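The values are calculated or read from the model by the stated rules, or taken from the named source; none is laboratory data. Source: prediction; values computed, not measured. Cβ placement follows ideal geometry from the backbone for every residue including glycine, while neighbour counts extend to all protein chains displayed. Note: accessible area is taken over every heavy atom of the protein model, side chains too, but ligands, DNA and RNA are not part of it. Shrake-Rupley method; radii C 1.70, N 1.55, O 1.52, S 1.80 Å.
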Amino acid sequence: FVMAPASSSPITYLGASGVSALAFFPLWKAAAIGQSGYEVAGKGYWQKYFEAMKPPWRGSLVVIGGMTWARAAIFYGSDMGSQAMRQQGFGTGLSATVPSLLVSIFAQTVNQPFVRSSIMLQNPGEELAKKTFPNIAMLRHLAATKGLASLWTGLDAAILKTAPKYMTAVVIKDYMGLWLAPVDPKDKTAVLLKSAKVAVTAGVAGAVLTNPLDVVRNEMFKTEEGMVTCMTRMSREDGAKWLFRGIGKNWVAVAAPIASTIFLTDRFKVWFGC
């Protein structure tokens, strides 16, 4: 579980990532709305939460597609990179962090325009969400009104939250595989429980630690501010409360698909003999 064998197929990572992205999209939508401060109908917390998860699921295909390839690339690249570095004599810590960091930065940079357009489309009052191809309409609108560079607004905050999130998840996944007591490979229940413990711990840790940067990125999408300016303004207006904005939704929305991807990848390897 700690190290992917040389024969591991990227298909197992892609399949696990795709299933997780599809299953947990409504949670992502609710978290994006909560962290962005968009208003939704409803009186209490749970009523608003479920209202935020409901259709219409604007930009869902782009979000699911982006999450699928990005998570698959990050976890596959991390496992393969970690294995290669260990074979070259590098230690567990460096081997677990460097590949995940580099692949995360690449994936976030490529996905950023689609992430921005998708999050902005979650605003219940967004007119462009009614278009046949809402993400394309939003990208064109941003490029025309704010310039092409605006498509990568918030990239600094996105990298600062995405890279540590996945790096934390990968490091915990690798180290917990070493720390937890060995289990009999023939004991399927014990193997499943160990895999689940590693997956859930890795997912929750990555989500909770990086929530403030999710908030900053989403706020930058709305205001076009720089990261430091945005953080300063929110601190002045809300004190430290903004650090925890949407965390109740986010730790579930982020932790669940990460944990699911790790767990399902492990299961798919077993089922398909990879």
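Just to verify a result, which residue in the stretch 218-242, among those that are polar (S, T, N, Q) and at pLDDT below 90, is farthest from residue 141 (Cα to Cα)? Lay out the reasoning, then the answer.
If we filter the stretch 218-242 for residues that are polar (S, T, N, Q), which is where we start, we get 218, 223, 229, 232, 235.
Those left that are additionally at pLDDT below 90: 218, 223.
Numbers: 218: 18, 223: 15 Å.
Only one residue fits best here, namely 218.
For the stretch 66-87, enumerate the residues that are farther than 14 Å from residue 103 by Cα, open to solvent by less than 40 Å² (accessible area, probe 1.4 Å) and hydrophobic (A, V, I, L, M, F, W, C).
Within the stretch 66-87, 85 is the sole residue that qualifies.
To keep it simple, each residue is scored yes or no on (1) modelled with pLDDT under 90; (2) open to solvent by less than 50 Å² (accessible area, probe 1.4 Å); (3) touching a Gly at 6+ places or on another chain (Cβ under 9 Å); (4) within 30 Å of residue 50 (Cα to Cα).
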| residue | (1), (2), (3), (4) |
| --- | --- |
| 128 | no, yes, no, yes |
| 155 | no, yes, no, yes |
| 158 | yes, yes, no, yes |
| 175 | yes, no, yes, no |
| 179 | yes, no, no, no |
| 183 | yes, no, no, no |
| 203 | yes, yes, no, yes |
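Restricting to the stretch 162-190, and then to whatever is assigned to a helix (DSSP H, G or I) and free of Cβ contacts under 8 Å to residues at least 24 places away in the same chain, can you tell me which residue is nearest to residue 97 (Cα to Cα)? Explain how you work it out, then say what you get.
Residues of the stretch 162-190 that are assigned to a helix (DSSP H, G or I), as a first pass: 162-179, 188-190.
This time we only want the ones that are free of Cβ contacts under 8 Å to residues at least 24 places away in the same chain, so: 179, 188-190.
Numbers: 179: 17, 188: 30, 189: 30, 190: 28 Å.
Per the stated criteria, the residue is 179.
Please work out which residue is most open to solvent (accessible area, probe 1.4 Å), limiting yourself to the stretch 205-243 and to residues that are in a helix (DSSP H, G or I), within 27 Å of residue 174 (Cβ to Cβ) and of a type outside the set (D, E, K, R).
209
Check whether at least one residue in the stretch 130-151 is in a loop (DSSP other than H, G, I, E, B) and either within 22 Å of residue 78 (Cβ to Cβ) or in contact with a Lys or Arg (Cβ under 8 Å, 6 or more places away or on another chain) (or both), and report yes or no. Explain how you work it out, then say what you get.
Step one: of the stretch 130-151, the residues in a loop (DSSP other than H, G, I, E, B) are 131-133, 147.
Then drop every residue that is not either within 22 Å of residue 78 (Cβ to Cβ) or in contact with a Lys or Arg (Cβ under 8 Å, 6 or more places away or on another chain) (or both), which leaves none.
So far as the stretch 130-151 goes, no, none of its residues is in a loop (DSSP other than H, G, I, E, B) and either within 22 Å of residue 78 (Cβ to Cβ) or in contact with a Lys or Arg (Cβ under 8 Å, 6 or more places away or on another chain) (or both).
Of the residues in the stretch 29-40, how many are open to solvent by 30 Å² or more (accessible area, probe 1.4 Å) and either in a helix (DSSP H, G or I) or free of Cβ contacts under 8 Å to residues at least 60 places away in the same chain (or both)?
Number satisfying all stated conditions: 0.
Any idea which of (1) within 30 Å of residue 175 (Cα to Cα); (2) modelled with pLDDT of 90 or more; (3) out of contact with any Leu (no Cβ under 8 Å at 6 or more places or on another chain) is the one residue 85 doesn't satisfy?
With (1) within 30 Å of residue 175 (Cα to Cα); (2) modelled with pLDDT of 90 or more; (3) out of contact with any Leu (no Cβ under 8 Å at 6 or more places or on another chain) applied to residue 85, the lone miss is (3).
With the requirement that a residue be under 13 Å from residue 168 (Cα atoms), hydroxyl-bearing (Ser, Thr, Tyr) and open to solvent by 40 Å² or more (accessible area, probe 1.4 Å), what does the stretch 98-109 give you?
The answer is none; no residue qualifies.
Between 90, 25, which is of a type outside the set (Val, Ile, Thr) and open to solvent by less than 30 Å² (accessible area, probe 1.4 Å)?
Going through 90, 25 in turn, the sole match is 25.
Report yes if residue 167 is open to solvent by 20 Å² or more (accessible area, probe 1.4 Å), in contact with a Gly (Cβ under 9 Å, 6 or more places away or on another chain) and of a type in the set (A, V, I, L, M), otherwise no. Steps first, answer last, please.
On the way: open to solvent by 20 Å² or more (accessible area, probe 1.4 Å): yes; in contact with a Gly (Cβ under 9 Å, 6 or more places away or on another chain): yes; of a type in the set (A, V, I, L, M): yes.
Yes.
Just wondering, is there one or more residues in the stretch 55-71 that are without any contact (Cβ under 8 Å) to a residue 40 or more places away in the chain and over 20 Å from the mean Cα position of the chain (by Cα)?
Among the residues of the stretch 55-71, at least one is without any contact (Cβ under 8 Å) to a residue 40 or more places away in the chain and over 20 Å from the mean Cα position of the chain (by Cα), which makes the answer yes.
Just wondering, is there one or more residues in the stretch 133-148 that are among the polar types (S, T, N, Q), touching a residue at least 40 places away in the same chain (Cβ under 8 Å) and surrounded by 21 or more Cβ atoms within 10 Å (Cβ to Cβ)?
Taking the stretch 133-148 first, the residues among the polar types (S, T, N, Q) are 135, 145.
With the extra rule that they be touching a residue at least 40 places away in the same chain (Cβ under 8 Å), the set shrinks to 135.
Applying the additional criterion that residues be surrounded by 21 or more Cβ atoms within 10 Å (Cβ to Cβ) yields 135.
Yes, the stretch 133-148 contains a residue that is among the polar types (S, T, N, Q), touching a residue at least 40 places away in the same chain (Cβ under 8 Å) and surrounded by 21 or more Cβ atoms within 10 Å (Cβ to Cβ).
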